[in-house]
1. What does the convex hull of the Cα atoms of segment B:417-478 come to per residue, in Å³, rounded to a whole number?
2. Test of understanding: ordering A:MET142, B:MET210, B:MET342, B:MET398 by Cβ neighbours within 10 Å, fewest first, what list do you get?
3. Among residues other than A:PRO103 whose Cβ falls under 14 Å from its Cβ, what is the net charge (Lys/Arg +1, Asp/Glu -1)?
4. Can you give me the distance in nm between label points at B:ALA16 and B:MET342, each placed 7 Å from the Cα along the Cα-to-Cβ direction?
5. Which log10 I(q)/I(0) values, to two decimals, does segment A:1-65 give at q = 0.16, 0.20, 0.21, 0.29 Å⁻¹ under the Debye formula with one point per Cα?
6. Could you list which residues have their amide H under 5 Å from that of A:LEU32, counting only those 5 or more apart in sequence or on another chain, with H placed in the peptide plane?
7. At 0.36 nm per residue, and after removing the present C-alpha to C-alpha distance, how many nm does the segment from B:ALA350 to B:ALA285 gain when stretched out fully?
8. Can you bin chain B into rounded, prolate or oblate? Criterion: square roots of the alpha carbon gyration tensor eigenvalues sorted a ≥ b ≥ c, rounded for a/c under 1.5, prolate for a/b above b/c, oblate for the rest.
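None of the figures in this text is laboratory data; all of them are computed from the coordinates on show. Since this is a predicted model, take the numbers as computed values, not measurements. Here the Cβ positions follow ideal geometry from the backbone for every residue, glycine too, while neighbour counts run over all protein chains shown.
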Amino acid sequence: MSLQLDHLSITLHGKPLAALNITVLPGQPVTLMAPSGTGKSTVLAAIAGALDPAFRASGRVILNGRDVTGLPTHARHIGLLFQDAILFPHLSVGQNLGFALPPGPNRHVRVEAALEEVDLKGFGSRDPATLSGGQAARVALMRSLLAQPQALLLDEPFAKLDTALRQQIRDLVFEKTRAMPVILVTHDDEDARAAQGPVLTPMGLPL
Amino acid sequence: MAWPRKPPHLAEGLAALTLLPVLAGLAGTVVLAWSGNGIAALAVSPGLARSAALSFGTGLAATVLATSLALLIIGALAGTPGFSPLRRLLSPLLALPHAAAALGLAFLFVPSGWIARALSPWATGWTVPPDLMILNDPYGISLTLGLAAKEVPFLLLMALAVWPQMDAPRRLMLAASLGHGRITSFAFAVLPALARNLRLPIHAVLAYSMTSVEMALVLGPTLPAPLAVQVLRWTQAPGLADQPKAAAGGLLLLALVIGAIALCEATARLLSHLLTHLAASGHRATRLDAPGRGFARTAAIGMAAGLFAGQAGLLLWSVAGLWPFPRVLPQNVSLDVWTRAMGALTGALANTAALGVLVTALSLCLGLALLQSAGTKLSAPLTAAIYLPLLIPQITLMPGLAALLLRLGTGFVWPAVILGHMAFVLPYVLLSLTGPWHSLDPRLPQIAASLGASPARIFWRLRLPMLLPAVLSAAALGFAVSIGQYLPTLLLSGGRIPTLTTEALALASGGNHRLIGAFSVLQMALPAVGFLVALILPRVIFAHRKGMLSP
């Protein structure tokens, strides 16, 4: 499994924002670090296939040897986690997970098992608005994983959590995503250290 | 190869489709005015200058009054403890069709109306209705006041829709922390941004007020009538001889509206400079706060009370038995008029409801398809499709559309009326939907797509249910706008589809208060049902989803 950014370059009105030529392997998350507003999240949007038309990009995104550059987001099999859990507010916790689960048998059992895996057994019928920040973050993580992504993009997913929770969720995320390529965007040194992989700027320079 | 690619022009195509009736009507009117020598006929029409001046003057005065009051109310009161009840009081008035509002106000202010009855004979000495011209005054004062009262709630709710987006509460707080009073805080810190957001609604109010037929027929001067009413009379004149004159009159009204909008823009620019100058001068004007608050509260309550009392009067008239002057209440109540007019009432009700439901459903489908295909930004053609019909007077389009329909034959009456309604319902549906559609967190569909959901699944499973409250509100607004349509129904059906609005206005010139009351009550009840459903249904469906019920 690998996620290759083949000479990926992004510009805004001709001004270069990102230039990356890297291959991300499972268990070796790549961290992109830079001050706010310098294009870190734009890189993730480009990889996910959700780049705003105001930006121009060139290069290729190759996932497990398959060129996904021209594919829409839903056909890429690349998961996303933002700093907010962004659970769908009109669905219950279980329905949120069901939304991500590809069609197949025993859906209810699989949703319950996913919840149990993150110590949220019995939370299936809960309203997402009643969850704590940590609970919502765990549901969001399991929702991403149930869609069976082949790579995961983390857009400052720990930024809004308090210190104790941050450590706990960070460990959980890196433990659950060990088997796939991961790119983390952050401006927190501790997050970058915990990822235990190379740390780069969006322009591809090592930090 | 560079990416992302530009999406296909589906949205622009749909936008052009929505503009079709407007463009067809405009083209038809131009051709009719030109080919039939309508401009020359119009030029020698007696009383033209006075009619045009009345339209221009009453429309402009009503807009200035409505805008000033709406800004004063929101500026002085928004965020204060008394504002929420006031907002709840004014919101239902948006659902009130213009014709019903006008008829209600007329019942209140006519010499035999409730106000005269309440003051007689103890204060006035009147034992019979006085021979006074309170309504239909030659200067259009009652028309101006009626238009202003009806448009204040619209402008107020438009302002409130953008209030949080502008971060207005914090702007006010910041200005207050610098020592400014409430009025200057609003004027210097909020108004410049608010005015930019209110430009289009103000222009729409101006265009409507200058060209309204519904309110002018009931409250406006008669000899001569405002130009829009004159154009309607020429359009309806027996034979087709006056059609070119009507078309030319419609075009003259359009030119007047464009001129008034230009004047409005120039004045706004001037006021903006003045405001900037005053803001930099450091004036706090805290002394204005208390009287401003008092006046705003009195004006808002007075307006709402007037409109509600008018509607209560209509309801009462519809069940009144004997009601001699100066009694405040009827001597007895009876359902006679309802029973006798049951056939006409149910026929008009069925036509109104069927048209409203069809037009709203089609407008919603088209509006949602347009937004779904437009992506994250509205292109210029799309924006034009949304706003143009709000600025082009209905009476300008109607002679052209009616002439086109005449060529198509009578078999197209229902489709033509539906299309005619849609031209004016769709902009309101889109106006109502666009804000909520674009305020949906863009990360939600992005997350869903990353989970493998296709655009269609995201639309049906996420966007539509999450926007259900907004979709229902847009539907209720569209339904109300369709119910209120007078000109498209009357002129495109040639009177063959009687609705509550056309019937109520046809009765307005007669003296049957009871029958007018019955039609008007149904006319205001129908949109109220729509808004009630839009309010209650999301609360029932999402009773256990807190995230869906928060503002």
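1. About 81 Å³ per residue, rounded to a whole number.
2. B:MET342, A:MET142, B:MET398, B:MET210
3. Working: positive: A:ARG107, A:ARG110, B:ARG457, B:ARG461; negative: none.
Here the charged neighbours net out to +4.
4. Computed distance between label sites B:ALA16 and B:MET342 equals 5.3 nm.
5. So the normalised log intensities are -0.51, -0.79, -0.86, -1.42.
6. Here A:LEU184, A:VAL185, A:THR186, A:LEU200 satisfy the definition.
7. Values: separation 65, 0.36 × 65 = 23.40 nm, distance 5.57 nm.
So the extension gain works out to 17.8 nm.
8. Rounded, since a/c falls under 1.5.
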